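Q: Dumping the structure here so I can ask a few things about it.
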Amino acid sequence: MELVISKRNFLRGLARTHGVADRKSSMPILSNILLTTDSTSSLRFAATDLYLGVAATAPAEVKKGGSIAVSARTLFDIVKNLPEGDVHWTVGPNHAAEIRSGKVRFRIPGMPGDDFPALPSAGSSDFFSVEADVLGDLITKTQYSMSTDDTRPHLAGALFEGEGKLVRMVTTDGHRLSKIDHKLDDSAPMLSFSMLVPNKGITELKRLIDDAKADAKGTKDEGRPQIAVATSGGSAFFKREGIVLSVKLADEQFPPYARVIPQQQKKRVVIGRAGLVEALKRMSLVSSDTSGGVRFMVSAGSLRIVSENPDVGEGSEELDVDYAGEAITIGFNAKYILDVLGSLTDDEVALELSGELDPGVLRPASDTMFVGVVMPMRI
């Protein structure tokens, strides 16, 4: 195997893939990155932990084809610190790789490329496209309520659904739930899918989206880069130019979220989002370290937030709101409310309540596509 590749392209391919390599696995091959020459003009990079897989390509001048698996961390660190310019890559006997750039030379051990596990393939599955901004917004507005407990795989991920010309993402950790819908353009195909994408897959997908937006910045496609999506054989595939992310889907049943979302709330309080955020941050200073609980005391035109902690003190703050119904007092974990508000950018939000022991619903005051549900607390 012999080729010449610019440091920029080499580093770019490694940066997109090396983070997926599993350095802690009992299978040494998984800490490696697979380099393969698919043609005379490109180098393919691949890494996997058997749950996630990333493949990327970069332009290269291939003089002799082949494949080799080398330490992902070692190779990334070396290439990152090479001088600018062309990098000469040669694989000799016993799978030893030589890296030369100017007067710099490294020699590192490798493993046969054939020993590297094959990444899942989408085969002949149909891909559909979603704007990177749209997919990123789905994640931003739901990631906060995703469970991080890997022993509960049915909650430690995001439910990604397609229904007609609508895409939807839902997450819950059992204490709160978030759901957002987005209507696609009329030109989009009719969709019908449901996939439970594990937490780690969502993190990598977010990175793929961020890279797509960064690459499109300053180009004619700025603001509208696309992510192609498909499912096949228990895996999801997310693709953009030059890179494919495969994610092994969770084989679990996501909770019936529609039953959790209250359909008719009797009381609707409209309030400025920024003011509510600041008030909750202040009241959290004297809330319980364990529960983080605060009381929402709602009456006509007013929301009073009260926090009490015998070991620290107490505080209260009153906010003007748009509300004309009956008075109600309900307890919430302040952090859970702040997480919902932090995912939104709207100036006003609506807090919808029913009873003191019923879930509260937060949504943008002028938008019905997002809903955040927070379970109440006894305080």
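The values are calculated or read from the model by the stated rules, or taken from the named source; none is laboratory data. Not measured: the values here are computed from a predicted model. Note: ideal-geometry Cβ built from the backbone for every residue, glycine included; neighbour counts use all protein chains shown. Surface areas here come from the heavy atoms of the whole protein model, side chains and all, with no ligands, DNA or RNA. Shrake-Rupley method; radii C 1.70, N 1.55, O 1.52, S 1.80 Å.
Q: Return one whole number: the accessible area per residue of the range 27-183 in Å², for a 1.4 Å probe.
A: Value for the range 27-183: 45 Å² per residue.
Q: To continue, here is another question. Where nothing but the Cβ of Lys and Arg (+1) and of Asp and Glu (-1) is charged, how large is the charge dipole of the range 119-231 around its Cα centre, in debye to the nearest 20?
A: Here the size comes out at about 220 debye.
Q: Then there is this: Using only protein heavy atoms and a 1.4 Å probe, report how much of residue 52 is accessible, in Å² to the nearest 10.
A: Taking all protein chains as shown, residue 52 has close to 10 Å².
Q: Along the Cα-to-C-beta direction of residue 217, a point sits 7 Å from the Cα; which residues of the range 115-143 have their amide N less than 19 Å from that point?
A: Under 19 Å, as judged by backbone N against the label point of residue 217, lie 132-137, 140 of the range 115-143.
Q: Which whole-number percent gives the relative contact order of the chain, counting Cα pairs below 8 Å spaced six or more residues apart?
A: This gives 12 percent for the chain.
Q: For Cα pairs less than 8 Å apart in space and 6+ apart in sequence, what is the mean separation divided by the residue count of the range 202-273, i.e. the relative contact order in percent?
A: 18 percent
Q: Would you mind calculating the relative contact order of the range 45-200 from Cα pairs under 8 angstrom and at least 6 residues apart, reporting the percent as a whole number?
A: The normalised contact order for the range 45-200 reaches 15 percent.
Q: Compute the longest continuous run of the chain that contains no exposed trypsin sites (Lys or Arg not before Pro); treat a site as exposed when its DSSP state is not H, G, I, E or B and it has at most 11 other Cβ atoms within 10 Å.
A: Of all site-free stretches, the longest is 221-377.
Q: For residue 235, what accessible surface area do you get with a 1.4 Å probe? Give it in Å², rounded to 10.
A: Ignoring ligands and nucleic acids, residue 235 comes out at about 10 Å².
Q: OK, next. Keeping all protein chains in the complex and leaving out DNA, RNA and ligands, what accessible area do you get for residue 319 with a 1.4 Å probe, in Å² to the nearest 10?
A: The value for residue 319 is about 30 Å².
Q: Here's another thing I want to ask about it. For the range 227-244, take each phi angle, set θ = phi - 60°, evaluate the Karplus expression 6.51 cos²θ - 1.76 cosθ + 1.60, and give the result in whole Hz per residue in order, putting x for glycine and proline.
A: Those phi angles translate into 10, 8, 10, 8, 10, 6, x, x, 10, 9, 10, 10, 10, 9, 4, x, 8, 10 Hz.
Q: Per residue, how large is the accessible surface of the range 273-379? Use a 1.4 angstrom probe and give square angstrom.
A: That works out to 48 Å² for each residue.
Q: Same structure, new question: So between residue 88 and residue 285, what do we pick up on full extension, going 0.36 nm a residue minus the alpha carbon distance?
A: Result for the pair: 65.1 nm of gain on full extension.
Q: If I histogram all Cα-Cα distances within the range 250-379 using bins 10 Å wide from 0, what percent of pairs lands in each bin?
A: Taking all Cα pairs of the range 250-379, the binned fractions are 12, 45, 32, 9, 1 percent.
Q: Nearest 20 debye, what's the magnitude of the dipole of the range 231-370 about its Cα centre given +1 on Lys and Arg Cβ and -1 on Asp and Glu Cβ?
A: The dipole magnitude comes to about 500 debye.
Q: Mind putting a number on the dipole of the chain about its Cα centre? Charges go on the C-beta only, +1 for Lys and Arg and -1 for Asp and Glu, and I need it in Debye to the nearest 20.
A: 1220 debye
Q: Sticking with this structure for a sec: Hey, what angle do you get for helix 199-216 against the long axis of the chain, alpha-carbon based, 0 to 90 degrees rounded to 10?
A: Once rounded, one gets 70 degrees.
Q: Which three extents, in angstrom, do the Cα atoms of the range 99-209 have along their principal axes, listed largest first?
A: Result for the range 99-209: principal-axis Cα extents of 55, 38, 28 Å.
Q: Debye sum, Cα scatterers, the chain, no solvent: what log₁₀ I/I(0) at q = 0.09, 0.11, 0.15 1/Å?
A: -0.65, -0.85, -1.21
Q: To make sure I understand the rule: partners must be aspartates and glutamates, Cα under 19 Å from the Cα of residue 213, and not fewer than 8 residues away in the same chain. Which ones qualify?
A: Result set, ordered by chain and number: 131, 133, 137, 204, 221, 222, 241.
Q: Now for a different question. Report the full-extension gain for the segment residue 367 to residue 318: residue separation times 0.36 nm, less the Cα-Cα distance, to one decimal in nm.
A: Full-extension gain reported as 15.1 nm.
Q: Quick one: with all protein chains in place, what share of the accessible area of the chain is carbon or sulfur, to the nearest percent (1.4 Å probe)?
A: Taking all protein chains in place, the chain shows 47 percent carbon and sulfur surface.
Q: Could you name the aspartates and glutamates in cross-link range of residue 24, using Cα to Cα under 13 Å and dropping any fewer than eight places away on the same chain?
A: Leaving aside aspartates and glutamates fewer than 8 places away in the same chain, those within reach of residue 24 are 49.
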